[in-house]
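The values are calculated or read from the model by the stated rules, or taken from the named source; none is laboratory data. Here the structure is a predicted model, which means the values were calculated and not measured. Counting neighbours? That spans all protein chains shown, and the Cβs are built from the backbone with ideal geometry, glycine included. Keep in mind that these areas ignore ligands, DNA and RNA; they rest on the heavy atoms of the full protein, side chains included. Shrake-Rupley method; radii C 1.70, N 1.55, O 1.52, S 1.80 Å.
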Amino acid sequence: MKLVSAAAALVVLASAPAAQAAVPIPQNAAELAGLDVFSGKAAKPRPVSAPRVPRHPFMAANGRSNVHNDAYQTDTYRQSGPLGGRLRMFSQSFDGAGGIGSCGITIAFDRRGRLITTCVSAASVELRLMDSRTLDTIASHDLPDRVIPPGVSPFQAPGGAYFYVDNRDRAVISIGRQILVVAIRGNRLKRVRTYDLSAVIPADDQLNSALPDWSGRLWFVSRRHGIVGALDRGSGRVLGTHRTGEAIGNSFAVDDSGGVFVVTDRAQYRFDAKRSGAPKVSWRQRYDNVRVQKPGQFDAGSGTTPTLMGKRYLSIADNAARMQVVVMRRAKRLPRGRRRVVCEQPVFRRGAGATENSLIATGRSMIVENNYGYFPPPDATSNGKTTRPGVERVDIRRGGRGCRTVWKSSEISPTTVPKLSLANGLVYLYTKPKGLPDAWYLTAVDYRTGRTVWRRLIGTGLLFNVHYSGLAIGPTGVLYSGVLGGTVAVAQRADTRR
């Protein structure tokens, strides 16, 4: 079958009906000739020690709640993902007909282990509940259309991608100037609450993300004007807002000390709540920024959601000429003489490094991938082309005395949100080498050494482009991801049967 062109991707497609059996993403079989389905060898689990992230009282269990797995946004899992060897790949087409729509920029899980995800096409968004073993659609719920600013490609417009699952098995979704709460009731999805924020978010702006703090207030951020606000979840009353005047292109992190950590295109902030519940800036730290939107980025600033590390640190990537991993001390106040910035560690080549995906982080280690060159999307990885290579591990030195680069990998992971299994020591990437056919692979890299352990072919062509989706490891160890043709899954054959 001939795959659709990038231009056809701009067509707005209808939402899938509920209770729909999975139809695999179409694959041009002729392009598979000569490609190895699997290379490398199965890994032996080598667990990684990391501080346990506290369970957020108002969010689903860690590993199930949002695109970055927990309130600290660590992108780590306590359970194992695929080890390699005998793997099974299966998929769900966005619309059953080879159309364009990613079901899985964020993949979370309900209490029964089923997938909860938004399916995003050029302008439409729907929430889906999917079977974890088959990817059948169990239920769907239409959401308001995304707001796509004039002149902005639908492939780079925000809206509907960030959401979280709360402690009551409800999806909380930011879209337009509303926050929607959709409950999972058996095999149904039902909207149970709408928070209308049009009184505090201007018409030329839109929400980017929302998360609760440890006291249960619901915080939100807006994309264009950088408005940070909090509301009372019970009454819906807005407790207050703070306008940074700086774009916010990512989600944010919260910790059990009451901190809310937001990065704008100019600075990293810590907010705390006043007695009234209104946001208050506790500190603001600028980072190095050439103020250029590099190819592969959505904004001229940091492309990372802040990642919290243990009890002390916070990490982001900056937007310097040679990009740096930046580590900061996140406490509200520091002892006299203690600097906020721990290190600014250069990564990748000068003028050829950028990331639009958050760092993986443990207590002292961070993994960063290079997304430089993914422009225009998705054509940048079509017709044999790909992006600049690079995945690196950076560690904080003991005692917070700076940082060092531990290893460098030449793998090319154009846009995925990578993940680390603490149970087996594998970093999972979604890679695309240069050359035809345009082949996409799930790739496992050793956390300790940076050595590529194995690769598993996922598919070829536009429909298998991951396009900024987050990899997700389900409760049974199956790895899932959204792609431009729908959703893909990879499982150990011994673990998952269909």
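With the convex hull of its Cα atoms as the shape, region 89-196 has an orientation-averaged projected area of 7.1 nm². Expressed per residue, the C-alpha convex hull volume of region 329-401 stands at 124 Å³.
Peptides 71-80, 139-148, 179-188 ranked from most to least packed give 71-80, 139-148, 179-188, packing being the mean of other C-beta atoms within 10 angstrom over each peptide's residues.
Measuring between their Cα centroids, region 221-239 and region 314-353 lie 28 Å from each other. Measuring nothing but protein heavy atoms, the accessible surface of region 69-182 at 1.4 Å probe radius is 48 percent carbon and sulfur. Remark: the chain carries 37 Å² of accessible area per residue (probe radius 1.4 Å; ligands, DNA and RNA excluded). Computing FRET efficiency as 1/(1 + (r/R0)^6) for Asp145 and Arg185, where r is the C-beta to C-beta distance and R0 is 30 Å, gives about 0.75.
Listed by chain and number, the lysines whose C-alpha is less than 27 Å from the C-alpha of Lys44, apart from same-chain residues fewer than 8 away, are Lys408, Lys419, Lys432. Shape summary of the chain, radius of gyration then Dmax from alpha carbon positions: 20.8, 66 Å. Panel values: region 443-486, Kirkwood radius from alpha carbon pairs, Stokes-Einstein at 10 °C and 1.306 mPa s, translational diffusion coefficient 132 µm²/s.
Can you tell me the mean projection area, over all orientations, of the convex hull of region 96-135's alpha carbons? Units nm², please. Mean shadow area of the hull around the Cα atoms is 3.0 nm². Counting 0.36 nm for each residue step from Thr194 to Lys332 and taking away their Cα separation leaves a gain of 46.4 nm. Just so you know, the averaged projected area of the alpha carbon convex hull for region 288-333 sits at 3.6 nm². Computing FRET efficiency as 1/(1 + (r/R0)^6) for Thr134 and Lys408, where r is the C-beta to C-beta distance and R0 is 51 Å, gives about 0.85. Based on Cα contacts under 8 Å between residues 6+ apart, the chain shows a relative contact order of 17 percent.
Note on region 187-257: Rg/Rh from Cα positions, Kirkwood definition for Rh, rounded to two decimals, is 0.99. Loop-located trypsin sites (Lys or Arg not before Pro) in region 379-453 (DSSP state not H, G, I, E or B) with no more than 16 neighbouring Cβ atoms inside 10 Å: Lys385, Arg397, Arg401, Lys434, Arg448, Arg451. Let me make sure I get this right: for region 350-498, a, b and c are the square roots of the gyration tensor eigenvalues over alpha carbons, sorted descending. Under 1.5 in a/c it's rounded, otherwise prolate if a/b > b/c, else oblate. Which is it? In terms of gyration-tensor shape, oblate.
Computed from the C-beta positions of Arg86 and Ala21, the FRET efficiency with R₀ = 25 Å rounds to 0.50. Averaging 1/r over every pair of different alpha carbons in region 150-304 and inverting the result gives a Kirkwood radius of 16.1 Å.
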